[in-house]
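Chemist: Shown below is the structure under consideration.
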């Protein structure tokens with residue numbers, strides 16, 4: 001994200017006594033809570049029966065392990081002996097092992113890398129049973145410790161989900177609720193100030209706002225919503241029952257609380273909302289970069305004139321590149337209007353500056369930001385997930401293309417790597433609910449990505465456009481008043497006061513700061529500028545703002561068998577999710593897809609790409625400022641299909657004519673999804689039938705490929721023409737040998753170095769120099785730099801990080817070189833050629849010179865920073881590194897794979 005893969009070590013003060021603590025200890029028999037009236041007792045008995053209500057065929061993996069509870073005694077024991085708590089990292093070998101088995105993977109080996117995810121636990125494999133209150137039974141298996149929660153009533157099941165979640169992730173849940181509220185600095189220390197500022201800028205909410213979210217949804221049945229509220233209430237009671245028990249029993253208390261000097265505090269329903277705002281704001285939004293896009297446009301217009309500048313902007317924008325790969329081939333038009341429509345257009349005036357709003361103030365803020373190490377900020381790590389290119393994917397093959405006659409699926413979300421993991425696994429059973437899979441702690445009353453009785457469901461972040469920017473025209477000579485529907489109105493000021501002291505985790509000197517943003521009827525102010533000579537404040541409007549809780553309705557339905565019995569019912573359930581996700585569904589007969597999200601109907605005739613005036617005349621259709629509701633795109637207009645032969649989503653373009661959001665400029669002539677889809681299409685070509693192992697293999701082989709080697713370098717070499725320099729020839733030979741071997745970044749022989757390390761180093765050094773040689777002189781320095789503010793090169797970053805190969809300049813490079821080579825326009829490409837100003841010889845010279853420069857770059861210059869100072873090579877630099885929020889700090893480094901964090905391998909049936 002890009003990515004600052006960071007970690008926290010928790011150095012605890014020496015203690016004279018080691019506290020012996022079981023991995024899972026039983027809590028109180030009853031906390032005195034009575035079940036809500038109206039709960040219907042469950043008909044099922046025999047909690048834990050293995051395979052009950054289970055169609056079979058489900059496997060999954062979620063590294064490093066289920067357990068996230070490390071007591072003070074366990075932390076000290078780890079520091080003394082290196083011993084890990086039980087179930088701390090027992091799934092990591094499965095996850096890592098697939099990397100090495102992938103090239104020759106067989107069906108019989110799939111079980112070695114994905115654990116059994118069947119409902120229930122075999123009697124011989126049952127660990128100690130916990131009954132935190134009457135009506136609730138929590139079983140765990142001996143092998144991996146995954147909790148199976150059984151409730152006599154639905155509220156019992158929700159209570160059990162809260163209790164088990166707190167058992168496995170209590171300290172992390174505390175971190176998440178504070179991050180969502182933008183007061184993590186108060187909890188963990190001053191190193192999180194920047195993260196709190198980012199959260200406050202994008203998702204500032206008052207306590208009243210969080211309470212308001214729970215009252216009623218923007219759309220849907222109030223009766224169903226009231227049931228959901230009861231679920232949340234019971235879930236919170238379960239969390240608090242565990243907190244009460246942990247306050248009396250050190251064997252249940254995470255040791256990290258001692259490190260930060262914090263006490264246990266009860267949960268509230270608004271804490272659940274806080275966590276929902278955090279993850280919805282990170283993974284479920286798209287767009288909102290209209291101001292940056294406008295600045296790029298102005299730079300291009302200044303360089304090339306208005307007409308040519310706009311044409312070049314359109315080429316880089318890649319809004320609807322006709323050659324872009326899509327998950328489904330059908331057309332679902334959205335936001336296809338004129339980008340430059342003059343109606344309400346609010347571009348910043350040429351030659352004027354746009355000033356970002358400064359969120360942080362206070363005497364200590366500057367010193368805190370200077371002293372803080374963002375590699376030690378949990379908040380920064382979580383915030384940066386929004387920018388991370390290391391994202392989710394899923395692959396589905398229809399029954400007709402499957403060797404066993406049933407659909408095949410490999411599916412999962414990529415949410416980064418944490419210790420303990422920021423996802424947790426649980427299994428839920430009660431009246432109307434049967435599900436198992438992964439959830440975010442703090443909102444884990446439902447399985448959010450997983451399986452039901454006879455179906456599976458998963459998602460990738462779509463990033464489709466649910467955020468717009470409005471230019472509020474200022475009035476009364478004030479920065480904090482604006483004109484709306486003919487009246488001069490005051491902006492609402494939202495303030496968060498922060499104070500911190502050094503602790504064992506964060507040594508930032510004590511201080512105070514204030515976070516401040518202003519809110520208009522449209523949203524939070526992000527920038528100030530000038531439009532048509534008038535001063536404006538740019539405010540972002542997000543359809544899910546103040547409605548983060550609404551999406552919970554869809555997740556609730558995913559866990560209910562009656563709501564997921566067919567592709568149609570799945571799509572209806574997915575349509576209740578307001579966050580922007582690509583949802584996959586699979587059962588024993590069918591596969592299906594649906595793009596969820598609350599997408600606004602913009603004012604007719606206005607630009608879908610740039611800011612528009614916020615005077616009220618150009619609001620979203622049906623916009624109601626009081627309730628923050630608007631007209632939304634009808635469900636039937638969302639991209640969707642069923643039983644397509646091969647479907648792949650790796651955060652790529654969903655469908656033809658579904659415009660990329662204004663923040664997404666990377667949907668060019670190819671995308672990383674091509675790497676997987678091409679392998680699957682080969683597997684089923686000519687009437688062949690594929691196996692589950694082949695689907696797994698298509699995913700895993702693509703997880704280590706460098707997209708530049710696979711898709712760009714062949715055209716680069718063609719454009720270079722004849723190369724006579726022996727040094728360049730030798731370098732090209734190394735690159736071609738690596739490409740012939742698949743262009744992987746992996747270490748199959750486990751000798752500590754990637755195969756073809758020399759070639760990888762050459763490309764890593766060459767890539768930014770190649771792009772600079774290709775584009776800078778033609779674009780001019782200002783425009784060249786501005787475009788990088790929207791979409792980076794995809795080059796080696798400034799600190800060790802794993803590459804995502806999602807968005808970069810590879811499509812730009814390819815299409816520009818194709819135009820130079822052919823001398824003709826390329827579909828979806830630029831109106832002019834940049835490399836060598838279109839001259840083949842000049843382009844060849846520029847490319848060869850850039851490679852010559854790259855060969856002078858040393859490994860130390862490329863990779864000799866951070867954790868790789870003593871091991872400057874790509875295998876170190878690209879390793880997946882966990883963000884550690886625990887006192888037990890291992891394992892924290894894993895071999896590179898661009899693969900989902902939680903992953904299922906499924907063919908429903910026995």
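Chemist: Does region 105-127 contain at least one residue that is over 33 Å from the mean Cα position of the chain (by Cα), part of a loop (DSSP other than H, G, I, E, B) and modelled with pLDDT of 95 or more?
Modeler: For region 105-127, residues over 33 Å from the mean Cα position of the chain (by Cα), part of a loop (DSSP other than H, G, I, E, B) and modelled with pLDDT of 95 or more: present.
Chemist: Please work out which one of (1) out of contact with any strand residue (DSSP E or B) (no Cβ under 9 Å at 6 or more places or on another chain); (2) part of a helix (DSSP H, G or I); (3) surrounded by fewer than 20 Cβ atoms within 10 Å (Cβ to Cβ) is the condition residue 557 fails and give its number.
Modeler: (3)
Chemist: Now for a different question. Taking the conditions exactly as written (assigned to a loop (DSSP other than H, G, I, E, B), within 31 Å of the chain's Cα centre (by Cα) and within 29 Å of residue 229 (Cβ to Cβ)), does residue 444 satisfy them or not?
Modeler: Considered against the rule, which asks whether it is assigned to a loop (DSSP other than H, G, I, E, B), within 31 Å of the chain's Cα centre (by Cα) and within 29 Å of residue 229 (Cβ to Cβ), residue 444 comes out as yes.
Chemist: From the list 858, 885, pick out the single residue that is over 30 Å from residue 691 (Cβ atoms) and touching a strand residue (DSSP E or B) at 6+ places or on another chain (Cβ under 8 Å).
Modeler: Working: 858 fails: touching a strand residue (DSSP E or B) at 6+ places or on another chain (Cβ under 8 Å).
Of 858, 885, the one residue that is over 30 Å from residue 691 (Cβ atoms) and touching a strand residue (DSSP E or B) at 6+ places or on another chain (Cβ under 8 Å) is 885.
Chemist: OK, next. Has region 777-787 got any residue that is under 27 Å from the mean Cα position of the chain (by Cα), exposed (fewer than 15 other Cβ atoms within 10 Å of the Cβ) and either in the same structural domain as residue 114 (by TED's automatic domain parsing) or within 28 Å of residue 901 (Cβ to Cβ) (or both)?
Modeler: Narrowing region 777-787 to residues under 27 Å from the mean Cα position of the chain (by Cα): 785-787.
Okay, now just the ones that are also exposed (fewer than 15 other Cβ atoms within 10 Å of the Cβ), so 785.
Then drop every residue that is not either in the same structural domain as residue 114 (by TED's automatic domain parsing) or within 28 Å of residue 901 (Cβ to Cβ) (or both), which leaves none.
No.
Chemist: Identify, from the list 507, 516, the residue that is at pLDDT 95 or above and either at negative phi or more than 28 Å from the chain's Cα centre (by Cα) (or both).
Modeler: Values: 507 fails: at pLDDT 95 or above.
516 is the lone residue from the list that is at pLDDT 95 or above and either at negative phi or more than 28 Å from the chain's Cα centre (by Cα) (or both).
Chemist: Residue 321 passes all but one of (1) surrounded by fewer than 20 Cβ atoms within 10 Å (Cβ to Cβ); (2) part of a loop (DSSP other than H, G, I, E, B); which number fails?
Modeler: Exception for residue 321: condition (1).
Chemist: Still on this structure, I have one more. Are any residues in region 755-772 under 14 Å from residue 731 (Cα atoms) and not in a helix (DSSP H, G or I), and if so, which ones? Working first, answer last.
Modeler: Keep residues of region 755-772 that are under 14 Å from residue 731 (Cα atoms), which gives 756-767.
Across region 755-772, the qualifying residue is only 756.
Chemist: Residue under question is residue 909, and the condition is that it be farther than 30 Å from residue 753 by Cβ, outside the structural domain of residue 317 (by TED's automatic domain parsing) and out of contact with any helix residue (DSSP H, G or I) (no Cβ under 9 Å at 6 or more places or on another chain); does it hold?
Modeler: For residue 909, the condition - farther than 30 Å from residue 753 by Cβ, outside the structural domain of residue 317 (by TED's automatic domain parsing) and out of contact with any helix residue (DSSP H, G or I) (no Cβ under 9 Å at 6 or more places or on another chain) - is met.
Chemist: Which helices (runs of 4 or more DSSP H) sit wholly inside region 188-271 and have at least 1 residues that are in contact with a strand residue (DSSP E or B) (Cβ under 7 Å, 6 or more places away or on another chain) and over 27 Å from residue 155 (Cβ atoms)?
Modeler: The qualifying helices (runs of 4 or more DSSP H) are 193-203.
Chemist: From the list 588, 634, pick out the single residue that is surrounded by fewer than 18 Cβ atoms within 10 Å (Cβ to Cβ) and in contact with a helix residue (DSSP H, G or I) (Cβ under 9 Å, 6 or more places away or on another chain). Spell out the reasoning first.
Modeler: Values: 634 fails: in contact with a helix residue (DSSP H, G or I) (Cβ under 9 Å, 6 or more places away or on another chain).
Only one candidate qualifies: 588.
Chemist: In region 739-760, which residues are farther than 14 Å from residue 897 by Cα and buried (at least 22 other Cβ atoms within 10 Å of the Cβ)?
Modeler: Scanning region 739-760 gives 756, 759, 760.
Chemist: Another one. If the requirement is being over 28 Å from residue 880 (Cα atoms) and modelled with pLDDT of 95 or more, which of these qualifies: 827, 859? Reasoning before the result, please.
Modeler: Details: 859 fails: over 28 Å from residue 880 (Cα atoms).
The conditions single out 827.
Chemist: Looking only at region 793-830, which residues are in a loop (DSSP other than H, G, I, E, B) and over 34 Å from the mean Cα position of the chain (by Cα)?
Modeler: Passing the criteria: 823, 824, 825.
Chemist: Here are 84, 98, 139: which of them is in a helix (DSSP H, G or I) and at pLDDT 95 or above?
Modeler: Checking each option against the conditions leaves just 98.
Chemist: Then there is this: For residue 421, all conditions in the list (1) surrounded by 21 or more Cβ atoms within 10 Å (Cβ to Cβ); (2) touching a strand residue (DSSP E or B) at 6+ places or on another chain (Cβ under 8 Å) hold save one; what is the number of the exception?
Modeler: (2)
Chemist: Just a yes or no: is a residue in region 851-861 more than 34 Å from the chain's Cα centre (by Cα) and outside any helix (DSSP H, G or I)?
Modeler: Among the residues of region 851-861, at least one is more than 34 Å from the chain's Cα centre (by Cα) and outside any helix (DSSP H, G or I), which makes the answer yes.
Chemist: OK, next. I'd like to check something: does region 468-482 contain any residue that is buried (at least 24 other Cβ atoms within 10 Å of the Cβ), modelled with pLDDT of 95 or more and within 22 Å of residue 883 (Cβ to Cβ)? Give the steps one after another, and end with the answer.
Modeler: Of all residues in region 468-482, those buried (at least 24 other Cβ atoms within 10 Å of the Cβ) come to 468-472, 482.
Imposing the further condition that a residue be modelled with pLDDT of 95 or more reduces the set to 468-472, 482.
With the extra rule that they be within 22 Å of residue 883 (Cβ to Cβ), the set shrinks to none.
No, region 468-482 contains no residue that is buried (at least 24 other Cβ atoms within 10 Å of the Cβ), modelled with pLDDT of 95 or more and within 22 Å of residue 883 (Cβ to Cβ).
The values are calculated or read from the model by the stated rules, or taken from the named source; none is laboratory data. All figures in this text were calculated on a predicted structure; none of them were measured in a lab. So basically every Cβ, Gly included, is an ideal-geometry build from the backbone, and we count neighbours across all protein chains shown.
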